[in-house]
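**Q** Pasting a structure below so you can have a look.
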Amino acid sequence: MTTVAVFGASAARPGDERYEQAIRLGRLLARSGMVVANGGYGGSMEAVSAGARSEGGSVVGVLAPSVFPGRSGPNDHLTSSVDATTIAARIQALVDMADVAITLPGSLGTLAEFLVAWNTAFVAPFSNRDPLPLIAVGGEWRRLAEILAAEFGADGSYITFAESVEEAAALARTAIPGAEATW
């Protein structure tokens with residue numbers, strides 16, 4: 001089974017565009033038979049989980065209860081969860097379980113996830129592994145990648161940019177052999 005890690009804003013709320021696009025993405029991924037993995041809490045994580053579950057999909061949450069003791073707990077749409085002890089371990093667990101990663105608009109936490117996934121893709125060939133396919137939705141990720149390439153020599157060829165979650169879902173299907181659309 002193909003697993004897609006989805007990174008996005010914890011501040012997204014029902015009714016706002018970031019939340020609604022995450023619901024659409026979850027639906028599209030589940031319709032394609034993909035497992036959705038995310039940070040397991042609220043915001044875009046809850047929305048992509050709800051979208052996937054509404055289509056009968058499986059959702060894995062990677063939680064960090066000792067890091068987020070004030071959070072009310074995992075969202076209600078997870079089908080399974082894994083606990084991590086640190087933010088770094090949480091992000092790495094998501095990247096390690098993913099066959100592809102999709103980054104939605106977000107904030108600092110989403111940026112950290114995006115950078116770890118990008119670096120993981122970059123170093124994979126050093127150990128004869130295939131790079132993790134990385135898809136980024138929205139112009140802010142393209143602008144960031146351009147800055148990091150210009151200022152730090154980062155290799156932006158590991159990232160595929162999408163303008164919409166519909167495009168990102170289609171790219172995820174083509175990035176993984178054997179993943180077929182059912183919608």
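The values are calculated or read from the model by the stated rules, or taken from the named source; none is laboratory data. Everything quoted here is computed from the prediction, not taken from an experiment. Using ideal geometry, Cβ is built from the backbone for each residue, glycine included, and neighbour counts are taken over all protein chains shown.
**Q** I want to confirm something. Restricting to region 158-182 and keeping residues that are exposed (fewer than 12 other Cβ atoms within 10 Å of the Cβ) and modelled with pLDDT under 95, which single residue is nearest to VAL95 (Cα to Cα)? Spell out the reasoning first.
**A** First pass over region 158-182, keeping only residues exposed (fewer than 12 other Cβ atoms within 10 Å of the Cβ): 163, 177-178, 180, 182.
Retained after the next criterion (residues that are modelled with pLDDT under 95): 177-178, 180, 182.
Numbers: PRO177: 18, GLY178: 20, GLU180: 22, THR182: 25 Å.
So the residue we want is PRO177.
**Q** Just checking, does region 162-178 include any residue being closer than 15 Å to GLU113 by Cα and of a type in the set (Val, Ile, Thr)?
**A** Within region 162-178, none of the residues are closer than 15 Å to GLU113 by Cα and of a type in the set (Val, Ile, Thr).
**Q** What residue, of SER72, SER54, SER58, SER44, is hydroxyl-bearing (Ser, Thr, Tyr), over 20 Å from GLU113 (Cα atoms) and in contact with a Lys or Arg (Cβ under 9 Å, 6 or more places away or on another chain)?
**A** SER54
**Q** Only residues that are part of a helix (DSSP H, G or I), closer than 23 Å to GLU167 by Cα and out of contact with any strand residue (DSSP E or B) (no Cβ under 6 Å at 6 or more places or on another chain): list them for region 142-155, please.
**A** Step one: of region 142-155, the residues part of a helix (DSSP H, G or I) are 142-152.
Filter once more, so that each one left must be closer than 23 Å to GLU167 by Cα: 142-146.
If the condition is that a residue be part of a helix (DSSP H, G or I), closer than 23 Å to GLU167 by Cα and out of contact with any strand residue (DSSP E or B) (no Cβ under 6 Å at 6 or more places or on another chain), then ARG143, LEU144, GLU146 are the ones that fit.
**Q** In region 110-131, how many are closer than 19 Å to GLY39 by Cβ and in contact with a Phe, Trp or Tyr (Cβ under 8 Å, 6 or more places away or on another chain)?
**A** Taking region 110-131 and keeping what is closer than 19 Å to GLY39 by Cβ, we get 110-120.
Cutting the leftovers down to in contact with a Phe, Trp or Tyr (Cβ under 8 Å, 6 or more places away or on another chain) gives us 110, 113-114, 117-118.
So the count comes out to 5.
**Q** Here's something else I'd like to know. Between a residue in region 49-60 that is in contact (Cβ under 8 Å) with a residue 40 or more places away in the chain and any residue that is of a type outside the set (S, T, N, Q), which pairs come within a Cβ distance under 6 Å, given they are 6 or more apart or on different chains?
**A** Note: pairs meeting the criteria are SER58/VAL35; VAL60/ALA37.
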